[in-house]
Amino acid sequence: MEKISLHNGVKMPQLGFGVWQVEEKEAVTAVKKALETGYRSIDTAAIYKNERGVGKAIKESGLPREELFITTKVWNSDQGYERTLLALEESLDKLELDYVDLYLIHWPTPEFDEYVDTYKALEKLYHKGKVKAIGVCNFDIEHLRRLLDECDVLPALNQVECHAYLAQHELKDFCKQQGIYVEAWSPLMQGGEVLKDDVIRKIAQKHGKTPAQVIIRWHLQNDTIVIPKSVTPSRIEENFQVFDFELNTNEINEMNSLDRNERKGPLPSEMNIR
Ligand SMILES: NC(=O)c1ccc[n+]([C@@H]2O[C@H](COP(=O)([O-])OP(=O)(O)OC[C@H]3O[C@@H](n4cnc5c(N)ncnc54)[C@H](OP(=O)(O)O)[C@@H]3O)[C@@H](O)[C@H]2O)c1
(Lines give C-alpha, C1' and ligand atoms only; values in the text may rest on other atoms or scores of the structure.)
Protein backbone atom coordinates (compact mmCIF):
# COMPACT_ATOMS: atom_id res chain seq x y z
CA MET A 1 0.00 0.00 0.00
CA GLU A 2 1.41 3.32 -1.06
CA LYS A 3 1.27 6.10 1.55
CA ILE A 4 1.55 9.78 0.85
CA SER A 5 2.91 12.35 3.26
CA LEU A 6 0.56 15.21 4.07
CA HIS A 7 2.17 18.64 4.49
CA ASN A 8 2.46 18.16 8.26
CA GLY A 9 4.27 14.82 7.84
CA VAL A 10 1.26 12.64 8.67
CA LYS A 11 1.23 9.55 6.45
CA MET A 12 -2.01 8.63 4.69
CA PRO A 13 -2.76 5.60 2.51
CA GLN A 14 -3.35 6.87 -1.03
CA LEU A 15 -6.12 4.32 -1.52
CA GLY A 16 -8.91 4.23 1.05
CA PHE A 17 -12.46 2.97 1.45
CA GLY A 18 -15.58 5.17 1.35
CA VAL A 19 -18.85 4.41 3.13
CA TRP A 20 -21.37 6.97 1.90
CA GLN A 21 -24.86 5.46 1.52
CA VAL A 22 -23.92 2.42 3.57
CA GLU A 23 -26.28 1.94 6.47
CA GLU A 24 -24.94 1.30 9.96
CA LYS A 25 -25.27 -2.50 9.95
CA GLU A 26 -23.92 -2.98 6.46
CA ALA A 27 -21.02 -0.65 7.32
CA VAL A 28 -19.80 -3.16 9.92
CA THR A 29 -19.60 -5.96 7.35
CA ALA A 30 -18.21 -3.80 4.54
CA VAL A 31 -15.53 -2.11 6.64
CA LYS A 32 -14.47 -5.44 8.18
CA LYS A 33 -14.14 -6.90 4.68
CA ALA A 34 -12.16 -3.85 3.56
CA LEU A 35 -9.78 -4.13 6.53
CA GLU A 36 -9.31 -7.86 5.88
CA THR A 37 -8.53 -7.05 2.24
CA GLY A 38 -5.80 -4.62 3.27
CA TYR A 39 -7.41 -1.17 3.22
CA ARG A 40 -6.27 0.90 6.20
CA SER A 41 -8.01 4.19 5.47
CA ILE A 42 -11.76 4.61 5.99
CA ASP A 43 -13.73 7.68 4.93
CA THR A 44 -16.97 8.35 6.82
CA ALA A 45 -18.91 11.46 7.88
CA ALA A 46 -21.37 12.44 10.59
CA ILE A 47 -24.11 12.76 7.95
CA TYR A 48 -23.56 9.19 6.71
CA LYS A 49 -25.03 8.00 10.02
CA ASN A 50 -22.73 5.00 10.10
CA GLU A 51 -19.91 6.13 12.38
CA ARG A 52 -21.00 3.59 15.02
CA GLY A 53 -20.82 0.83 12.41
CA VAL A 54 -17.36 1.95 11.32
CA GLY A 55 -16.24 2.03 14.96
CA LYS A 56 -17.59 -1.45 15.57
CA ALA A 57 -15.77 -2.83 12.52
CA ILE A 58 -12.52 -1.21 13.65
CA LYS A 59 -12.87 -2.72 17.10
CA GLU A 60 -13.75 -6.19 15.80
CA SER A 61 -10.89 -6.14 13.29
CA GLY A 62 -8.44 -6.21 16.22
CA LEU A 63 -6.02 -4.03 14.22
CA PRO A 64 -3.83 -1.63 16.19
CA ARG A 65 -5.22 1.90 16.09
CA GLU A 66 -1.94 3.33 14.80
CA GLU A 67 -2.21 1.19 11.64
CA LEU A 68 -5.48 2.85 10.70
CA PHE A 69 -6.31 6.17 9.13
CA ILE A 70 -9.84 7.30 9.97
CA THR A 71 -11.51 10.33 8.38
CA THR A 72 -14.79 11.93 9.38
CA LYS A 73 -16.45 15.23 8.55
CA VAL A 74 -18.41 18.00 10.22
CA TRP A 75 -21.87 18.35 8.68
CA ASN A 76 -23.24 21.67 7.45
CA SER A 77 -25.71 22.16 10.32
CA ASP A 78 -22.84 21.83 12.82
CA GLN A 79 -20.75 24.56 11.27
CA GLY A 80 -19.62 27.44 13.49
CA TYR A 81 -16.82 27.39 16.07
CA GLU A 82 -18.54 25.97 19.16
CA ARG A 83 -20.85 23.57 17.31
CA THR A 84 -17.91 22.08 15.41
CA LEU A 85 -16.01 21.37 18.64
CA LEU A 86 -19.06 19.48 19.93
CA ALA A 87 -19.60 17.69 16.61
CA LEU A 88 -16.13 16.16 16.76
CA GLU A 89 -16.80 14.90 20.30
CA GLU A 90 -20.00 13.24 19.07
CA SER A 91 -18.20 11.62 16.15
CA LEU A 92 -15.41 10.32 18.40
CA ASP A 93 -18.00 8.93 20.77
CA LYS A 94 -19.77 7.06 17.95
CA LEU A 95 -16.52 5.82 16.44
CA GLU A 96 -15.28 4.84 19.93
CA LEU A 97 -11.97 6.55 19.20
CA ASP A 98 -9.81 9.07 21.08
CA TYR A 99 -8.80 10.88 17.90
CA VAL A 100 -9.39 10.83 14.16
CA ASP A 101 -6.59 11.01 11.65
CA LEU A 102 -8.35 13.54 9.47
CA TYR A 103 -11.26 15.91 10.15
CA LEU A 104 -12.88 17.68 7.21
CA ILE A 105 -15.45 20.41 6.62
CA HIS A 106 -18.05 18.59 4.49
CA TRP A 107 -19.21 21.54 2.31
CA PRO A 108 -18.34 25.24 2.40
CA THR A 109 -22.07 26.23 2.28
CA PRO A 110 -21.00 29.78 1.31
CA GLU A 111 -24.48 31.23 1.81
CA PHE A 112 -24.08 30.77 5.58
CA ASP A 113 -20.53 32.11 5.57
CA GLU A 114 -19.36 30.08 8.56
CA TYR A 115 -16.59 28.01 7.06
CA VAL A 116 -13.78 30.25 8.32
CA ASP A 117 -15.00 29.95 11.93
CA THR A 118 -15.54 26.24 11.41
CA TYR A 119 -12.01 25.86 10.12
CA LYS A 120 -10.69 27.75 13.16
CA ALA A 121 -12.38 25.12 15.33
CA LEU A 122 -10.62 22.44 13.29
CA GLU A 123 -7.33 24.24 13.96
CA LYS A 124 -8.09 24.21 17.69
CA LEU A 125 -8.81 20.45 17.57
CA TYR A 126 -5.62 19.91 15.60
CA HIS A 127 -3.51 21.78 18.16
CA LYS A 128 -5.15 19.75 20.95
CA GLY A 129 -4.24 16.49 19.17
CA LYS A 130 -7.86 15.37 18.80
CA VAL A 131 -7.33 15.22 15.03
CA LYS A 132 -3.99 14.49 13.35
CA ALA A 133 -4.71 16.48 10.22
CA ILE A 134 -7.41 18.86 9.02
CA GLY A 135 -8.85 19.71 5.65
CA VAL A 136 -11.90 20.47 3.61
CA CYS A 137 -14.28 18.99 1.05
CA ASN A 138 -15.87 20.61 -1.95
CA PHE A 139 -13.93 23.85 -1.65
CA ASP A 140 -13.56 25.91 -4.83
CA ILE A 141 -10.43 27.98 -5.36
CA GLU A 142 -12.13 31.11 -3.93
CA HIS A 143 -13.05 29.26 -0.70
CA LEU A 144 -9.51 27.91 -0.37
CA ARG A 145 -8.02 31.37 -0.93
CA ARG A 146 -10.08 32.69 1.96
CA LEU A 147 -8.77 29.99 4.31
CA LEU A 148 -5.22 30.70 3.14
CA ASP A 149 -5.73 34.40 3.92
CA GLU A 150 -7.59 34.10 7.22
CA CYS A 151 -6.37 30.87 8.86
CA ASP A 152 -3.02 29.51 10.02
CA VAL A 153 -2.95 25.78 9.25
CA LEU A 154 -2.80 24.81 5.58
CA PRO A 155 -5.59 22.31 4.74
CA ALA A 156 -3.97 18.89 4.27
CA LEU A 157 -6.34 18.06 1.44
CA ASN A 158 -9.46 19.05 -0.44
CA GLN A 159 -11.87 16.15 -1.03
CA VAL A 160 -13.86 16.86 -4.19
CA GLU A 161 -15.87 15.04 -6.82
CA CYS A 162 -13.29 13.80 -9.30
CA HIS A 163 -13.39 11.11 -11.98
CA ALA A 164 -12.54 10.71 -15.66
CA TYR A 165 -15.49 12.92 -16.70
CA LEU A 166 -14.74 15.59 -14.07
CA ALA A 167 -10.96 15.74 -13.99
CA GLN A 168 -10.74 19.01 -11.97
CA HIS A 169 -7.54 20.08 -13.78
CA GLU A 170 -7.66 23.74 -12.66
CA LEU A 171 -8.48 23.00 -9.02
CA LYS A 172 -5.81 20.30 -8.94
CA ASP A 173 -3.18 22.70 -10.31
CA PHE A 174 -4.10 25.29 -7.68
CA CYS A 175 -4.00 22.73 -4.84
CA LYS A 176 -0.65 21.38 -6.02
CA GLN A 177 0.87 24.88 -6.02
CA GLN A 178 -0.30 25.33 -2.42
CA GLY A 179 0.81 21.89 -1.15
CA ILE A 180 -2.78 20.69 -0.67
CA TYR A 181 -3.58 17.13 -1.79
CA VAL A 182 -6.71 16.42 -3.79
CA GLU A 183 -8.82 13.47 -2.69
CA ALA A 184 -11.34 12.12 -5.20
CA TRP A 185 -14.90 11.41 -4.10
CA SER A 186 -17.12 9.37 -6.40
CA PRO A 187 -13.88 8.25 -8.09
CA LEU A 188 -15.85 5.64 -10.06
CA MET A 189 -18.57 8.20 -10.84
CA GLN A 190 -20.82 6.24 -8.50
CA GLY A 191 -20.49 3.14 -10.67
CA GLY A 192 -21.72 5.16 -13.64
CA GLU A 193 -20.88 5.84 -17.27
CA VAL A 194 -17.09 6.02 -16.88
CA LEU A 195 -17.03 2.26 -16.32
CA LYS A 196 -18.46 1.81 -19.82
CA ASP A 197 -16.22 4.36 -21.54
CA ASP A 198 -14.61 2.90 -24.70
CA VAL A 199 -11.18 4.43 -24.07
CA ILE A 200 -11.10 3.10 -20.51
CA ARG A 201 -12.37 -0.33 -21.55
CA LYS A 202 -9.69 -0.58 -24.24
CA ILE A 203 -6.93 0.31 -21.74
CA ALA A 204 -8.39 -2.16 -19.24
CA GLN A 205 -8.43 -4.95 -21.81
CA LYS A 206 -4.79 -4.30 -22.70
CA HIS A 207 -3.74 -4.65 -19.04
CA GLY A 208 -6.04 -7.57 -18.25
CA LYS A 209 -7.72 -5.35 -15.63
CA THR A 210 -11.27 -4.07 -15.11
CA PRO A 211 -12.34 -0.50 -15.97
CA ALA A 212 -12.69 0.24 -12.23
CA GLN A 213 -9.11 -0.86 -11.60
CA VAL A 214 -7.81 1.27 -14.47
CA ILE A 215 -9.72 4.30 -13.16
CA ILE A 216 -8.36 3.84 -9.62
CA ARG A 217 -4.86 3.44 -11.07
CA TRP A 218 -5.33 6.65 -13.07
CA HIS A 219 -6.24 8.54 -9.87
CA LEU A 220 -3.20 7.12 -8.06
CA GLN A 221 -0.78 7.98 -10.85
CA ASN A 222 -2.22 11.52 -10.97
CA ASP A 223 -1.19 11.94 -7.28
CA THR A 224 -4.81 11.90 -6.17
CA ILE A 225 -5.99 10.21 -2.99
CA VAL A 226 -8.84 7.87 -3.88
CA ILE A 227 -11.64 6.34 -1.78
CA PRO A 228 -13.88 4.02 -3.83
CA LYS A 229 -16.95 2.64 -2.07
CA SER A 230 -18.42 -0.83 -2.43
CA VAL A 231 -20.50 -3.16 -0.31
CA THR A 232 -19.81 -6.07 -2.68
CA PRO A 233 -17.00 -8.29 -1.32
CA SER A 234 -15.60 -9.13 -4.79
CA ARG A 235 -15.51 -5.44 -5.75
CA ILE A 236 -13.91 -4.45 -2.43
CA GLU A 237 -11.09 -6.84 -3.40
CA GLU A 238 -11.08 -5.82 -7.07
CA ASN A 239 -10.66 -2.14 -6.20
CA PHE A 240 -7.63 -2.98 -4.05
CA GLN A 241 -5.82 -5.01 -6.77
CA VAL A 242 -4.28 -1.95 -8.37
CA PHE A 243 -0.66 -2.09 -7.29
CA ASP A 244 0.54 -4.72 -9.77
CA PHE A 245 0.34 -2.70 -12.99
CA GLU A 246 1.09 0.75 -14.29
CA LEU A 247 -0.48 2.99 -16.94
CA ASN A 248 1.92 4.55 -19.41
CA THR A 249 2.06 8.29 -20.15
CA ASN A 250 -0.07 7.95 -23.29
CA GLU A 251 -2.76 6.12 -21.38
CA ILE A 252 -2.76 8.71 -18.59
CA ASN A 253 -2.98 11.50 -21.17
CA GLU A 254 -5.80 9.74 -23.00
CA MET A 255 -7.73 9.45 -19.75
CA ASN A 256 -6.96 13.04 -18.76
CA SER A 257 -8.56 14.19 -22.01
CA LEU A 258 -11.89 12.44 -21.28
CA ASP A 259 -12.91 15.37 -19.05
CA ARG A 260 -16.42 16.71 -19.82
CA ASN A 261 -16.96 18.76 -16.70
CA GLU A 262 -19.81 16.36 -15.89
CA ARG A 263 -20.89 16.14 -12.25
CA LYS A 264 -22.92 13.69 -10.19
CA GLY A 265 -23.15 16.06 -7.24
CA PRO A 266 -24.04 19.76 -6.88
CA LEU A 267 -21.75 22.69 -7.57
CA PRO A 268 -20.11 23.54 -4.23
CA SER A 269 -21.17 27.19 -4.48
CA GLU A 270 -24.81 26.09 -4.86
CA MET A 271 -24.89 23.47 -2.10
CA ASN A 272 -26.32 25.37 0.85
CA ILE A 273 -28.46 22.69 2.51
CA ARG A 274 -28.25 22.38 6.26
N1 LIG B 1 -17.14 14.82 0.69
C2 LIG B 1 -18.22 14.59 -0.01
O3 LIG B 1 -19.04 15.49 -0.23
C4 LIG B 1 -18.45 13.24 -0.59
C5 LIG B 1 -19.50 13.03 -1.50
C6 LIG B 1 -19.68 11.76 -2.03
C7 LIG B 1 -18.83 10.73 -1.65
N8 LIG B 1 -17.83 10.95 -0.74
C9 LIG B 1 -16.94 9.85 -0.30
O10 LIG B 1 -16.38 9.21 -1.45
C11 LIG B 1 -16.67 7.81 -1.40
C12 LIG B 1 -16.76 7.22 -2.78
O13 LIG B 1 -17.73 7.88 -3.57
P14 LIG B 1 -19.16 7.25 -3.93
O15 LIG B 1 -19.56 6.29 -2.90
O16 LIG B 1 -20.05 8.41 -4.19
O17 LIG B 1 -18.97 6.56 -5.34
P18 LIG B 1 -17.90 5.61 -6.06
O19 LIG B 1 -16.91 5.05 -5.12
O20 LIG B 1 -17.43 6.35 -7.26
O21 LIG B 1 -18.86 4.45 -6.60
C22 LIG B 1 -19.55 3.59 -5.74
C23 LIG B 1 -20.53 2.81 -6.61
O24 LIG B 1 -19.82 2.05 -7.58
C25 LIG B 1 -20.07 0.66 -7.41
N26 LIG B 1 -18.79 -0.02 -7.58
C27 LIG B 1 -17.76 -0.05 -6.69
N28 LIG B 1 -16.73 -0.76 -7.17
C29 LIG B 1 -17.12 -1.21 -8.39
C30 LIG B 1 -16.48 -2.01 -9.36
N31 LIG B 1 -15.27 -2.48 -9.18
N32 LIG B 1 -17.18 -2.28 -10.51
C33 LIG B 1 -18.42 -1.80 -10.71
N34 LIG B 1 -19.07 -1.02 -9.81
C35 LIG B 1 -18.42 -0.72 -8.66
C36 LIG B 1 -20.64 0.51 -6.02
O37 LIG B 1 -21.56 -0.57 -5.97
P38 LIG B 1 -21.68 -1.60 -4.73
O39 LIG B 1 -21.48 -0.84 -3.46
O40 LIG B 1 -23.07 -2.11 -4.89
O41 LIG B 1 -20.65 -2.67 -4.96
C42 LIG B 1 -21.37 1.84 -5.82
O43 LIG B 1 -22.63 1.80 -6.44
C44 LIG B 1 -17.99 7.79 -0.61
O45 LIG B 1 -18.32 6.50 -0.17
C46 LIG B 1 -17.68 8.77 0.49
O47 LIG B 1 -16.85 8.19 1.47
C48 LIG B 1 -17.64 12.19 -0.22
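The values are calculated or read from the model by the stated rules, or taken from the named source; none is laboratory data. None of these values were measured; they are calculated from a predicted model. Note: ideal-geometry Cβ built from the backbone for every residue, glycine included; neighbour counts use all protein chains shown. Side chains are part of the model used for accessible areas, which takes the heavy atoms of the whole protein and leaves out ligands, DNA and RNA. Shrake-Rupley method; radii C 1.70, N 1.55, O 1.52, S 1.80 Å.
Computed packing ranks the peptides 129-139, 55-65 as 129-139, 55-65, most packed first, by mean other Cβ atoms within 10 Å. Ordered by 1.4 Å accessible area with all protein chains kept, 271, 189 run largest first as 271, 189.
What the chain shows is 44 Å² of accessible area per residue, with the surface traced by a 1.4 Å probe over protein heavy atoms.
Computed from phi, the 3J(HN,Hα) profile of the stretch 122-133 under the Karplus parametrisation 6.51, -1.76, 1.60 (θ = phi - 60°) reads 4, 4, 4, 5, 5, 5, 7, x, 6, 9, 7, 8 Hz, with x in place of Gly and Pro.
Report the semi-axes of the equivalent ellipsoid for the stretch 123-232 in whole Å, largest first, where each axis is √(5λ) for an eigenvalue λ of the Cα gyration tensor.
On the way: eigenvalues 192, 44, 24 Å².
Result for the stretch 123-232: semi-axes of 31, 15, 11 Å.
Quote the FRET efficiency, to the nearest 0.05, computed for residue 10 versus residue 248 with a Förster distance R0 of 41 Å and r equal to the Cβ-Cβ distance. Walk me through the numbers on the way to the answer.
Numbers: r = 31 Å, r/R0 = 0.77.
Computed FRET efficiency for residue 10 and residue 248: 0.85.
Over all distinct Cα pairs, what is the inverse of the mean 1/r for the chain, reported as the Kirkwood hydrodynamic radius in Å? It is 18.7 Å. Per-peptide packing, taken as the mean over residues of other Cβ atoms within 10 Å, places 234-245, 106-117 in the sequence 106-117, 234-245 from highest down.
Given a 1.4 angstrom probe, I'd like the percentage of the accessible area of the chain that is carbon and sulfur, rounded to a whole number. Mind showing how you got there, number by number?
Working: 5370 of 12020 Å².
C and S fraction of accessible area: 45 percent.
Accessible area per residue was computed with a 1.4 Å probe on protein heavy atoms; residue 90 scores about 110 Å².
Accessible surface comparison of 154, 247, probe 1.4 Å, protein chains only, largest first: the order is 154, 247.
Taking the Cβ of residue 163 as the centre, find all other residues whose Cβ is under 14 Å away and add up their charges (Lys, Arg: +1; Asp, Glu: -1).
Details: positive: 172, 196, 217, 229, 260, 263, 264; negative: 161, 183, 193, 197, 259, 262.
Charge balance in the 14 Å sphere: +1.
Dividing the convex hull volume of the alpha-carbon atoms in the stretch 8-138 by its residue count gives 99 Å³ per residue. The slack between residue 154 and residue 141, meaning 0.36 nm per residue of separation minus the straight C-alpha distance, is 3.3 nm.
Backbone amide hydrogens, once placed in the peptide plane, bring residue 168 within less than 5 Å of nothing, excluding anything fewer than 5 places away on its chain.
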